[in-house]
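Everything below concerns the one structure shown next.
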Amino acid sequence: MPLPPALAAKLAKRGLIASKNKQSSEPTKKNDYKGLSTCPNKSNIFHECTVWCKSHWLGVLTPDPRYVRNMQKLLAKYPLLNNWTEVFDKGLGRYYYWNMENDIVSWLPPKHPRAVLTKSAAKLREKYINEQRDKRLKEREELSKRDRAEKDGDRGHDRDSDEDDRGHRSKYSERRERDRDRDRDDKRGKRDRDREERHRRDRDKRKREEQLDPMDPSTYSDVPQGTWSDGLETNKMRADNTASGVLFQQRPYPAPGAVLAANREKEDKERRK
């Protein structure tokens with residue numbers, strides 16, 4: 001028995017029953033793959049226009065006069081065929097060319113040698129979205145089948161599953177213990193390598209310091225070891241202005257061979273120790 005109109009209206013207003021007018025006034029919304037006409041990114045098939053595009057992109061209502069003159073020159077050189085027409089894109093402020101028979105578009109006249117004829121972005125976007133939806137549905141079906149198979153297997157082999165779980169836990173604990181031991185060995189090995197590297201640098205430094213430099217005055221005199229800039233002013237004051245020629249060299253440097261021989265003798269003594 002149908003309800004009285006007044007009672008049905010009250011119940012529909014409170015949301016307890018569905019309104020017939022509301023059901024009839026809200027048809028099924030169809031996906032619009034063309035995008036917003038004023039959005040410059042609608043030619044990108046991976047872009048989906050949102051409310052931000054509607055409020056941000058106002059579009060280009062009239063093309064640039066210079067662009068129109070260049071386009072007319074291009075059409076005079078490469079005229080359009082009968083089934084082609086030009087369409088103004090408000091998002092980019094440019095004209096594109098559309099084949100009304102097979103729905104092919106191009107940014108250049110079809111007779112132009114660099115023209116690329118392709119499907120519209122709306123067609124490609126629709127194909128891409130449908131492929132992605134089918135892919136997700138297929139993955140969801142495979143996942144549900146796998147879950148059902150696992151549930152059936154668990155329901156038929158509860159005892160075996162418990163043993164498997166214990167085995168998995170033991171394997172996991174063994175693997176975690178093995179990883180912990182490996183990390184500990186790696187840290188210990190890194191510390192040992194760092195210690196050996198420091199010892200090697202210290203040993204090389206001491207070896208360089210103990211070697212005799214034939215050009216260093218401290219090698220053959222009581223002068224303390226220093227840098228090349230030490231004693232420059234003192235040496236200038238002690239220079240003999242009367243010396244010339246070969247005698248200009250005031251300090252008797254030892255022969256390099258004698259210094260090298262002393263170095264070898266010192267190394268031999270260290271090896272014997």
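The values are calculated or read from the model by the stated rules, or taken from the named source; none is laboratory data. Quick caveat: nothing in here was measured; it's all calculated off a predicted structure. We place every Cβ from the backbone using ideal geometry, glycine too, and count neighbours over all the protein chains shown. We work out accessible area using only protein heavy atoms, side chains counted, and drop any ligands, DNA or RNA first. Shrake-Rupley method; radii C 1.70, N 1.55, O 1.52, S 1.80 Å.
The H on the amide N of residue 104, modeled in the peptide plane, is under 5 Å from the matching H of 99, each at least 5 residues off or on a different chain.
For the peptides 102-112, 137-147, the ranking by packing is 102-112, 137-147, with the highest mean count of neighbouring Cβ atoms within 10 Å listed first.
Across region 61-105, Cα-Cα pairs farther apart than 17 Å form 36% of the total. With θ taken as phi - 60° and the Karplus curve 6.51 cos²θ - 1.76 cosθ + 1.60 applied, the whole-hertz 3J(HN,Hα) list for region 135-144 is 5, 5, 4, 5, 5, 5, 5, 4, 5, 5 Hz, x standing for glycine and proline.
For the residue pairs 205/266; 90/111; 54/90, the alpha carbons lie more than 18 Å apart in 90/111. FRET efficiency for the residue 149 to residue 171 pair, using the beta carbon distance and R₀ = 22 Å, is estimated at 0.45.
Just the protein heavy atoms count here, and of the accessible area of region 98-158 at 1.4 Å, carbon and sulfur take up 51 percent.
Per residue, region 45-139 exposes 73 Å² of solvent-accessible protein surface, assessed with a 1.4 angstrom probe and all protein chains in place. Accessible area per residue (1.4 Å probe, heavy atoms of protein chains only) ranks 179, 89 as 179, 89, with the largest value leading.
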